[in-house]
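What follows is a set of notes on a single structure, which appears directly below.
The values are calculated or read from the model by the stated rules, or taken from the named source; none is laboratory data. The structure presented is a predicted model; accordingly, all values stated were derived computationally and were not measured. All Cβ positions, glycine included, derive from the backbone under ideal geometry; neighbour counts span all protein chains shown. The area values use the complete protein model at the heavy-atom level, side chains included, leaving out ligands, DNA and RNA. Shrake-Rupley method; radii C 1.70, N 1.55, O 1.52, S 1.80 Å.
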Amino acid sequence: MSVFTDPVKDALGLTRNQFSNAYMIGTIASSLLIGRAGVWFDKYGARLVAFFAAIVLATALFLCSWSVRMSIFVKELLNQDTWLVPFTIMTLLFFLLRFAGQGVLTMASRNVIMIWFDKNRGKVNSFSSVAISFGFSSSPLWINYLIENNSWQNAWQFLGYGLLGASVLIYIFFKNKPEEFGLLPDGAKEISATNEKTTIAHKQFSLKEATATRAFWMYALMLSFNSFFVTGLTFHIVSIFKSEGFPKEEAIAIFLPASVVAVSISTIANFLSDYLQLRLYLYLMISGGIIASIGFLYLPTTLGIPLLIIGFGMMSGFFAVLNTIVWPRFYGRNNLGAITGKVMSFLILASALAPSIFSLCFSTFGSYQFLGWLGLAFLVFLVLGSLKARNPQ
């Protein structure tokens with residue numbers, strides 16, 4: 001996001017395009033390996049996978065805070081004053097950040113909750129989704145506060161210390177499967193007569209079987225669109241608003257009301273998801289994308305910012321529901337890591353491409369408007385493609 005990357009970029013002496021390309025290459029590389037992390041989750045369990053992911057992420061955050069010093073050291077060592085040194089360093093750091101953070105740690109934390117619950121997944125997920133939705137939507141505000149009051153180097157380190165503390169909590173409190181403790185999902189000690197038929201009938205899909213269903217692709221593509229749009233928007237938020245005549249303060253200010261919308265929607269939608277078809281949520285999330293795209297297109301008008309906030313909040317709210325609940329409900333728990341790892345690779349790839357595509361659009365057309373029209377076209381395709389995206393169970 002601009003509030004964090006701009007000062008790092010300037011300190012390293014990289015141009016916006018060079019920095020965006022380092023982000024893209026590092027993130028794409030992480031997306032190629034995240035599927036393997038899903039297999040690790042199925043094999044070794046959530047506790048170890050999440051613990052080591054938190055340690056690696058904390059290490060990456062500390063390294064980011066020392067990136068300028070590392071760049072100077074390598075330049076002096078090689079006796080070469082070239083942009084390739086900071087570019088290579090940031091590419092490697094972005095790989096670690098995206099693989100350990102957005103990839104492995106996110107996947108493991110979500111999946112461990114889904115493994116422990118079945119009938120009450122939505123109700124339990126409503127609690128974690130509040131934190132997820134609020135965190136994603138409000139992060140530019142408090143990160144900007146940390147940077148302006150403590151410098152970007154210290155901001156990285158504060159986040160790193162927070163991850164080290166979280167890793168201890170993960171090791172203590174994460175438990176892999178209820179079966180390891182003589183339990184079943186939802187805390188049951190045995191399968192009741194009323195649930196026996198449903199439990200037996202629930203098929204455990206392999207990754208290959210899951211990817212052969214239309215539902216997998218429609219949900220994965222919509223979640224990927226959210227990842228693309230949100231990453232591109234937050235990465236270039238200051239530039240986007242500046243191109244339409246708005247100051248930085250107004251650009252960052254949209255995240256707070258958007259977080260309120262996201263938290264409200266995710267809380268209600270999660271609770272009701274135990275009783276409603278998820279295809280309804282898919283269409284509501286698509287609707288949020290359409291609203292956000294229209295707001296993006298008409299940003300300078302009176303309705304532009306309110307529409308962008310509502311659409312952004314809707315997508316973030318339903319993302320917290322669908323990205324967690326769809327996969328175990330549709331495809332079972334046995335191969336949840338492999339399936340969600342595949343989905344996560346799409347999300348990371350979409351977020352990798354977003355900053356560069358946004359930059360390319362602005363440098364080519366002198367405006368970000370084309371992305372709004374491109375988003376609307378893709379969402380119309382999803383509306384049509386999702387007509388038969390039913391639960392395969």
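For region 198-227, filtered to residues that are part of a loop (DSSP other than H, G, I, E, B) and not charged (D, E, K, R), the residue that is most open to solvent (accessible area, probe 1.4 Å) is ALA212.
Checking PHE229, PHE318 one by one, the residue that is modelled with pLDDT of 90 or more and more than 18 Å from SER129 (Cβ to Cβ) is PHE229 and no other.
So that you can scan it fast, the table gives a plain yes or no per residue for (1) within 25 Å of LYS248 (Cα to Cα); (2) at pLDDT 80 or above; (3) over 18 Å from the mean Cα position of the chain (by Cα); (4) surrounded by 17 or more Cβ atoms within 10 Å (Cβ to Cβ):
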position	(1), (2), (3), (4)
GLY122	no, yes, yes, yes
SER126	no, yes, no, yes
VAL130	no, no, no, yes
SER133	yes, no, no, yes
LEU141	yes, no, no, no
ASN144	yes, no, yes, yes
ASN154	yes, yes, yes, no
LEU164	no, yes, yes, no
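Among residues of region 10-39 that are at positive phi, those with a beta-carbon under 9 Å from a residue that is among the aromatic types (Phe, Trp, Tyr) and surrounded by fewer than 17 Cβ atoms within 10 Å (Cβ to Cβ) at least six positions away or on a different chain give the pairs GLY13/TRP83. Just need a number here: residues in region 217-233 that are more than 19 Å from THR106 (Cα to Cα) and either out of contact with any Gly (no Cβ under 7 Å at 6 or more places or on another chain) or β-branched (Val, Ile, Thr) (or both). Final tally of qualifying residues: 3.
Candidates VAL230, VAL263, VAL238: the one that is out of contact with any Asp or Glu (no Cβ under 7 Å at 6 or more places or on another chain), open to solvent by 10 Å² or more (accessible area, probe 1.4 Å), more than 28 Å from THR15 (Cα to Cα) and of a type outside the set (Gly, Ala, Ser) is VAL263. Report, by residue number, each residue of region 103-113 that is surrounded by fewer than 22 Cβ atoms within 10 Å (Cβ to Cβ) and not hydroxyl-bearing (Ser, Thr, Tyr). Listed by number, the list holds a single entry, ILE113. Between a residue in region 224-247 that is closer than 24 Å to ILE348 by Cβ and free of Cβ contacts under 8 Å to residues at least 12 places away in the same chain and any residue that is open to solvent by 30 Å² or more (accessible area, probe 1.4 Å) and polar (S, T, N, Q), which pairs come within a Cβ distance under 9 Å, given they are 6 or more apart or on different chains? Close Cβ pairs (under 9 Å, with a partner that is open to solvent by 30 Å² or more (accessible area, probe 1.4 Å) and polar (S, T, N, Q)) do not exist here. Among the residues of region 85-96, are any closer than 30 Å to TRP116 by Cα, out of contact with any strand residue (DSSP E or B) (no Cβ under 6 Å at 6 or more places or on another chain) and open to solvent by 10 Å² or more (accessible area, probe 1.4 Å)? Yes - at least one qualifying residue is present in region 85-96. Note on region 172-197: among residues that are in a helix (DSSP H, G or I) and at pLDDT 80 or above, the one that is farthest from GLY45 (Cα to Cα) is PRO185.
Each row is one residue, and each column tells you yes or no for (1) surrounded by fewer than 21 Cβ atoms within 10 Å (Cβ to Cβ); (2) modelled with pLDDT of 90 or more; (3) of a type outside the set (Ser, Thr, Tyr).
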{"site": "ILE309", "(1), (2), (3)": "no, yes, yes"}
{"site": "THR324", "(1), (2), (3)": "no, no, no"}
{"site": "TYR331", "(1), (2), (3)": "no, yes, no"}
{"site": "ILE339", "(1), (2), (3)": "no, yes, yes"}
{"site": "VAL343", "(1), (2), (3)": "no, yes, yes"}
{"site": "LEU360", "(1), (2), (3)": "yes, no, yes"}
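Annotation: of all residues in region 266-286 being modelled with pLDDT of 90 or more and of a type in the set (Ser, Thr, Tyr), the one that is surrounded by the fewest Cβ atoms within 10 Å (Cβ to Cβ) is TYR283.
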